[in-house]
Structures are given as C-alpha cells and as structure tokens.
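See structure below.
The values are calculated or read from the model by the stated rules, or taken from the named source; none is laboratory data. The shown structure was predicted, so the numbers you read here are calculated from the model rather than taken from an experiment. We place every Cβ from the backbone using ideal geometry, glycine too, and count neighbours over all the protein chains shown.
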Ligand code: CTP
C-alpha cells in the first residue's frame with residue numbers, strides 16, 4: 001500500500017527512538033523506501049548502524065558532512081522524499097520547527113522541504129502539557145504540519161499521561177493517509193467544526209452543546225479521500241482528526257478570520273455551530289456581584305461565516321456546503337436558508353429532542369441543492385460524513 005513511496009524519517013533524541021526502528025521495518029514491509037536522518041541526540045538512543053541496517057539505506061547525520069553534500073545536498077535530500085516524518089518529535093525539535101531554526105541537519109531539512117511533514121510527538125507528560133509545547137504545537141498545526149499522537153499511558157520516566165509516541169502501526173496509518181491517492185488528491189477543502197465560545201468576561205463565556213463530532217468525521221472522511229483539509233475548530237469535545245491542518249479558535253470572529261486565511265479552497269464545509277451573538281462589549285475584568293443586582297448582558301450579532309464565504313465575489317470556493325439544524329418544517333426552513341446564505345448545498349437535519357440526533361452517534365440528513373432535496377436514511381455520523389465526502393469528490397471531479 002506504500003509501494004514506491006519515499007519517506008525521509010527524522011529520528012529525534014528521545015527514549016521512543018527505539019520504536020522508530022520498528023517503524024522503519026513496518027514502512028518497508030508495505031513497500032516504502034525509508035531514508036533515516038538521526039539528530040545528534042538520537043544517536044544516544046539508537047545507533048546509525050541499526051538504522052542503516054533496518055532501512056538498507058545510507059543514514060544521514062551531519063549538515064556539514066561534505067561527502068554527503070557531494071552525493072546529495074541537503075536541499076535535494078529534503079525534496080527527494082514524498083513525505084517527511086519526524087518520529088519521535090521531541091519538545092526541542094518541535095520548538096525548533098515552530099521557531100524556524102536551521103542549525104543542524106534535521107532542522108535544516110525541515111525548513112528546506114517542499115513536502116508534507118508528519119510529526120509523532122513524544123515527551124514527558126509535563127513537557128507535553130507545558131504552555132510552550134502547546135503553543136509550538138498550535139503554530140505547527142497552523143503551518144500545515146500533520147500530527148499523529150501522542151498516546152496516553154505509562155511513560156518511561158515513571159509518570160502517566162499523554163506524551164507516549166504513537167505506536168508504529170498508528171504512524172504507518174497516518175503516513176498512508178498523508179500519501180492517500182484518492183479522488184480528492186490535489187484538492188484543498190476547508191471545514192469548520194465545533195461550537196464557538198463568546199467571552200462575557202475573562203472567566204465566563206456563552207457557548208452551545210455542539211460536540212464537533214459531525215464536522216470532525218467530515219474532515220476525516222475528506223482526508224481519507226486524499227483531500228488536503230484545513231480544519232478550523234472551536235473548543236470541541238472530540239479531538240481533531242490526525243492528518244489535517246488544524247486551526248484552533250474560540251470565537252466566531254476568530255473563526256471567520258481563520259476561515260478566510262485558509263482560502264483559497266476548492267470546497268468549504270461549514271459544520272460549526274457558530275454562536276449567533278457575542279457580548280457587545282466583553283468585560284476585561286471579572287464581573288463582580290454588587291449592590292446593583294444582576295448585570296444586563298447586551299449582545300451584538302456575530303458575522304455569518306457561511307454567508308460571507310458563499311457571497312465572496314472573488315476567490316469563492318467552487319462548492320460551498322452549509323448545515324441547517326432545524327426542529328420544524330425542516331425542508332422548507334433549510335431550503336430558505338440555502339437561498340438566503342447563497343451556498344450550494346445545505347445539509348439539513350431534524351434536531352427535535354425525540355430524534356436523539358443532537359449529541360447522539362446517528363444522523364438523518366436531507367441534502368438540499370439546486371437539483372432539489374435528497375433524503376438519506378438514518379445512519380451513523382461517520383457514514384453520513386463518508387457519503388458527504390464522496391458527493392463532494394463527485395462534484396469537484
Ligand atoms: N453559520 C456560520 N456563521 C454563523 C452562523 C451560522 O457560518 N454566524 C453556519 C453554520 O456553520 C451552518 C449554517 O450557517 O452551516 C446554518 O447555521 P444555523 O445556526 O442553522 O443557521 P442560522 O444562520 O443561525 O439561522 P437560524 O437562526 O434561522 O436557524
């Protein structure tokens with residue numbers, strides 16, 4: 001399934017480096033050619049000889065190795081691959097990548113490459129949760145770097161929590177997804193997902209019950225068909241899918257800016273449950289109880305992201321898909337919504353409490369387009385996502 005694919009594998013200096021040797025074996029079993037690059041710290045954990053023996057390739061180690069430069073320069077090395085994988089991606093390597101450093105072979109290759117990069121972070125749980133690492137992760141995801149893991153579990157350092165490198169087979173799956181030759185290969189799709197949080201003051205906010213499940217499933221299904229996905233998500237309950245470009249936002253205004261910045265795209269799917277209103281003036285300090293009684297909250301309307309993108313005169317995606325969650329007269333309301341917002345399709349669903357759809361695992365949708373209404377039977381949200389992705393692939397072909 002990876003036959004003929006070339007992987008440049010950068011092995012960072014962490015205890016999980018031993019798993020990268022197994023990763024080389026697994027990738028090769030599936031037909032890939034793996035060229036290992038060891039950081040200096042990685043050599044403390046695995047030897048160049050074992051990496052070279054398992055990969056049956058020359059192992060690259062030093063930026064200033066002139067013999068290597070004569071054979072293959074570092075620029076060429078960074079581009080000869082179909083995908084660059086960093087496993088384990090240590091806190092230090094992630095920081096270097098986020099900061100744009102190029103002071104050794106690994107970081108220079110990562111700066112010079114024109115190929116997609118997939119990182120498998122691995123570090124102590126405290127280091128993973130440190131604000132600096134989380135900031136670097138957000139920067140890297142915003143730059144389009146793909147991630148897999150980390151997993152949660154017992155760690156070599158004796159602590160428990162997220163930070164373990166993803167298992168080699170999970171990394172192989174992420175590699176396959178990143179190299180997917182599906183009907184959406186070469187297409188860029190924007191997906192919004194999750195709720196938005198609108199601050200009242202620094203500690204309180206207005207939100208809604210969206211879990212982000214349907215938007216996440218759609219992003220995953222599009223990626224599985226080979227699309228490059230920009231996933232703009234509010235604070236959702238479910239984690240973002242692996243292998244997509246993740247842009248995390250809090251508010252509707254930030255979501256609009258992130259969606260516009262992600263364009264151009266061939267298609268856009270607006271699955272987010274955007275708060276219709278925000279505070280006209282959020283307070284900079286915590287609102288305190290006082291003698292004047294309860295505060296009066298004054299709202300301002302949020303921008304309509306779907307309508308804004310649908311009505312763009314320049315750079316509008318070829319296909320714009322919106323959602324309509326309704327409780328009565330579903331088809332009539334959703335048809336009117338499609339007209340009003342100017343999108344191509346509306347995926348309408350009945351979220352009346354008796355349907356059990358809101359917060360559930362199943363969905364029953366009707367796709368409304370210029371051709372009319374197409375009612376799909378009730379099925380899992382994952383199946384709805386796969387059908388939507390397939391229909392998008394057909395529309396873009
Ligand atoms: N949407 C958006 N930005 C907003 C509000 C909604 O992008 N500020 C998008 C949603 O992502 C969804 C679609 O618009 O794709 C419909 O959202 P919905 O809440 O059902 O519609 P509303 O515009 O709020 O209309 P109504 O109040 O009539 O239900």
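For the stretch 326-337: of the residues being in contact (Cβ under 8 Å) with a residue 24 or more places away in the chain and near the ligand (Cβ under 10 Å from one of its atoms), which is surrounded by the most Cβ atoms within 10 Å (Cβ to Cβ)? Checking each candidate, the answer is 334. Looking at this structure, is residue 389 under 16 Å from residue 270 (Cβ atoms), in contact (Cβ under 8 Å) with a residue 24 or more places away in the chain and not in a helix (DSSP H, G or I)? Judged against the criteria, residue 389 is not a match. Filter the stretch 367-383 for residues that are at pLDDT 95 or above and either within 19 Å of residue 327 (Cβ to Cβ) or within 26 Å of the chain's Cα centre (by Cα) (or both) and give the result. Passing the criteria: 367, 368. Within the stretch 8-20, take every residue that is in contact with a helix residue (DSSP H, G or I) (Cβ under 6 Å, 6 or more places away or on another chain) and crowded, with 24+ Cβ neighbours inside 10 Å and give me the one that is nearest to residue 74 (Cα to Cα). Looking at residues that are in contact with a helix residue (DSSP H, G or I) (Cβ under 6 Å, 6 or more places away or on another chain) and crowded, with 24+ Cβ neighbours inside 10 Å, I get 10. Just one residue in the set 216, 233, 192 is in contact with a strand residue (DSSP E or B) (Cβ under 8 Å, 6 or more places away or on another chain), without any contact (Cβ under 8 Å) to a residue 40 or more places away in the chain and either crowded, with 24+ Cβ neighbours inside 10 Å or closer than 18 Å to residue 147 by Cα (or both); that residue is 216. The single condition among (1) under 26 Å from the mean Cα position of the chain (by Cα); (2) closer than 17 Å to residue 273 by Cα that residue 334 does not meet is (1). Within the stretch 342-385, being touching a helix residue (DSSP H, G or I) at 6+ places or on another chain (Cβ under 6 Å), crowded, with 17+ Cβ neighbours inside 10 Å and over 16 Å from residue 218 (Cα atoms) holds for 343, 350, 368. So is residue 313 surrounded by fewer than 20 Cβ atoms within 10 Å (Cβ to Cβ), more than 14 Å from the ligand (Cβ to nearest atom) and farther than 18 Å from residue 197 by Cβ or not? So residue 313 passes the test.
So for the stretch 139-151 (the condition being out of contact with any strand residue (DSSP E or B) (no Cβ under 8 Å at 6 or more places or on another chain), part of a helix (DSSP H, G or I), at pLDDT 95 or above and closer than 28 Å to residue 262 by Cβ), does at least one residue qualify? Looking for residues that are out of contact with any strand residue (DSSP E or B) (no Cβ under 8 Å at 6 or more places or on another chain), part of a helix (DSSP H, G or I), at pLDDT 95 or above and closer than 28 Å to residue 262 by Cβ, one finds none in the stretch 139-151, hence no.
Restricting the search to helices (runs of 4 or more DSSP H) fully inside the stretch 1-86 and requiring at least 1 residues that are within 26 Å of the chain's Cα centre (by Cα) and at pLDDT 95 or above gives 17-29.
Among the conditions (1) at pLDDT 90 or above; (2) not in a loop (DSSP other than H, G, I, E, B), residue 101 misses just one, which is (2).
If you go through the stretch 282-295 and keep only what is surrounded by 10 or more Cβ atoms within 10 Å (Cβ to Cβ) and under 12 Å from residue 199 (Cα atoms), you end up with 282, 283, 286, 287.
Checked against the criterion of being modelled with pLDDT of 95 or more, within 11 Å of the ligand (Cβ to nearest atom) and in a helix (DSSP H, G or I), the stretch 341-354 has at least one qualifying residue.
Residue-wise test of (1) within 28 Å of residue 352 (Cα to Cα); (2) free of Cβ contacts under 8 Å to residues at least 24 places away in the same chain; (3) not assigned by TED's automatic domain parsing to the domain that holds residue 253.
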{"site": "280", "(1), (2), (3)": "no, yes, no"}
{"site": "283", "(1), (2), (3)": "no, no, no"}
{"site": "292", "(1), (2), (3)": "no, yes, no"}
{"site": "296", "(1), (2), (3)": "no, yes, no"}
{"site": "303", "(1), (2), (3)": "yes, no, no"}
{"site": "313", "(1), (2), (3)": "no, yes, no"}
{"site": "319", "(1), (2), (3)": "no, no, no"}
{"site": "324", "(1), (2), (3)": "yes, no, no"}
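Answer yes or no as to whether residue 306 is more than 9 Å from the ligand (Cβ to nearest atom), under 27 Å from residue 372 (Cα atoms) and in contact with a helix residue (DSSP H, G or I) (Cβ under 7 Å, 6 or more places away or on another chain). So residue 306 fails the test.
Tallying residues that are touching a helix residue (DSSP H, G or I) at 6+ places or on another chain (Cβ under 9 Å), under 28 Å from residue 296 (Cβ atoms), assigned to a helix (DSSP H, G or I) and more than 10 Å from the ligand (Cβ to nearest atom) within the stretch 236-278 yields 0.
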